[in-house]
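Structure, as structure tokens:
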Amino acid sequence: MHRRIYFQLVVVLSLLFGMVVFAVAAPGATRIVKEQEIRLAIEDFIRAKTSNLGVELNIRKIGYKGDLTIPSGDVEYEVKAPQQWEGWGNSSLAVIIRVDNRVVKNIPVRVEVEALADVVVTTRQMEQGEVISETDVAIQKRDLASVGSKICRNPSEAVGKRLKRSVRGNAALQSDQMGKLPLVKSGQLVTILLENELIRVTATGRSKGAGAAGDIVMVQNLVSQKDVQARVLDSSTVRVEF
């Protein structure tokens, strides 16, 4: 209705003033956004989100079909994901379309993304309390969506650590399945080391807790009977830092 009135007005002006009007956009002018354009915006977002994570990306599904009719103007796309989404697995994204800085569409889109990466897996069934050796682990490519968020990506993260629970063979190792191997036991006699650039002093102490390399434990100096915090260096030495 409005478009017909608009063109009638143009005709009247032409007859009254001898004017011919060209290249004037009619009110409510629209444009078509192709399906592929929207899908490309989603793909670009996913690839950008995972670009520095060292994964092989395979976008299996983008749950969107069909072209869109939107007002004419400068078009911008913004894709938003849930804050906790890492960039793979199943998720619902929001595609926001703006024309001349005004939101004209907000479209929910389901996606399914495979992200293959090298992860550490066990080469055999392992029991709780076992210490992981180099032959107990290998590297395999797995879909990160199926192995959890705490997986190990390098064998050095696992070798030398003790399992907190049993793990089946060919399973992706999780960081929370392992703990550092204690070097110092509670009640053990240790050498307490105090040193800096000028002095080096040692004393005999008794550990009041167990600790792995790098852990802080409480140690009693057997001469002064005072308790001090010290960092575990090896199976018989702790160092007081000052």
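Read-outs throughout are calculated quantities, based only on the coordinates presented, and are distinct from any laboratory measurement. Keep in mind it's a predicted model, so treat the numbers as computed, not measured.
Relative to the longest principal Cα axis of the chain, at what angle does helix 2-17 sit, 0 to 90 degrees, rounded to 10?
Between the helix axis and the principal axis of the chain, the angle is about 50 degrees.
With n ≥ 4 as the cut-off for DSSP H runs, can you work out [θ] at 222 nm for the chain, using -39500 (n - 2.57) per run divided by the number of residues, rounded to the nearest 500? Write out the running numbers ahead of the final one.
Values: 3 runs with 35 residues, N = 242.
Result for the chain: -4500 deg cm²/dmol, rounded to the nearest 500.
Please build a GNM for the chain, connecting alpha carbons under 10 Å apart, and tell me which residue among 121, 113, 232 fluctuates the most.
Comparing 121, 113, 232 in a Gaussian network model of the chain, the most mobile one is 232.
May I ask for the angle, rounded to the nearest 10°, between helix 35-49 and the longest principal axis of the chain, with both axes built from Cα atoms and the value confined to 0 to 90°?
In the chain, helix 35-49 runs at an angle near 20 degrees to the longest axis.
Can you tell which of 224, 72, 175 shows the greatest fluctuation in a Gaussian network model of the chain with Cα springs below 10 Å?
224
How big is the gap, in Å, between the Cα center of the range 90-139 and the Cα center of the range 64-89?
Their Cα centres are 20 Å away from one another.
Per residue, how much space in cubic angstrom lies within the convex hull of the C-alpha atoms of the range 129-242? Before the final figure, lay out each step's value.
Values: hull volume 14.9 nm³, N = 114.
Looking at the range 129-242, the number lands at 131 Å³ per residue.
Using Cα positions and a limit of under 16 Å, work out the lysines in reach of residue 65, with same-chain residues fewer than 8 apart set aside.
Cross-link targets: 34, 105.
Anything over 30 Å Cα to Cα? Flag those among 80/180; 150/226; 49/150, in the order listed.
Numbers: 80/180 39 Å; 150/226 40 Å; 49/150 19 Å.
Beyond 30 Å between Cα atoms: 80/180; 150/226.
Which aspartates and glutamates, on any chain, are close to residue 164 with Cα under 13 Å apart, when same-chain ones fewer than 8 places away are left out?
Result set, ordered by chain and number: 127, 130, 176.
Averaging over all projection directions, find the projected area of the Cα convex hull of the range 131-198 and quote it in nm² with one decimal place.
Result: 7.6 nm².
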